[in-house]
Amino acid sequence: MSPRLPRPSLDGLLGLVDVNAVLDHVDLDRQLERVDLDALLARIDINALLDRVDIQRLLERIDVNELVARIDVNELVSKVDVNAIVARVDIDDLVERTELGAIIADSTSGIAQRVLDSVRAHAVALDDVSNRIVNRLLRRNPDDLPAGPAPRP
């Protein structure tokens, strides 16, 4: 039997090789083509990855105006079921807020014009309340809405 030569250690071999020179000759794109991304991604623990994310730092990098500009408001509003929203409105609360008792008291006084003015005023108040409710449900900023026509003299 012939004598065996000692097996060189990996550390010893790596000490003889210029690893950077070897890496300069590696076609990285070709090596990456051989990687099974699905298998690699399946091994990633998304929750552990998200635990490492600094949410505050991430939020500081977000341009909210740019994000909002991407929202198609017409598309969003087209999906809103206004009937369902109105069905959720507490009519008793609206009636209570519009002071219908005052309207009834005014109507019994016999002054038709005063009753008509009062009803109009309360209808406007009811309209304002319903507008505020709808604006709140649709998350509209009242300051951004048009002012409407000027009052008649």
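Figure legend. Inter-residue proximity from the range 125-152: first residues within 17 Å of residue 99 (Cα to Cα), second residues of a type in the set (A, V, I, L, M, F, W, C) and in a helix (DSSP H, G or I), beta-carbon distance below 8 Å, spacing 6+ or different chains. Indicated pairs: 126/94; 129/94; 130/94.
Got a number for residues in the range 36-74 being closer than 30 Å to residue 138 by Cβ and surrounded by fewer than 10 Cβ atoms within 10 Å (Cβ to Cβ)? Residues in the range 36-74 being closer than 30 Å to residue 138 by Cβ and surrounded by fewer than 10 Cβ atoms within 10 Å (Cβ to Cβ): 18 in total.
Of the residues in the range 6-16, at least one is part of a loop (DSSP other than H, G, I, E, B), of a type in the set (D, E, K, R) and at pLDDT below 90. Restricting the first member to the range 57-85 and to residues that are at negative phi, and the second to residues that are surrounded by 10 or more Cβ atoms within 10 Å (Cβ to Cβ) and assigned to a helix (DSSP H, G or I), the beta-carbon pairs closer than 6 Å and six or more apart or on different chains are 85/137.
The values are calculated or read from the model by the stated rules, or taken from the named source; none is laboratory data. Please read all numbers here as calculations on a predicted model, not as lab measurements. Counting neighbours? That spans all protein chains shown, and the Cβs are built from the backbone with ideal geometry, glycine included.
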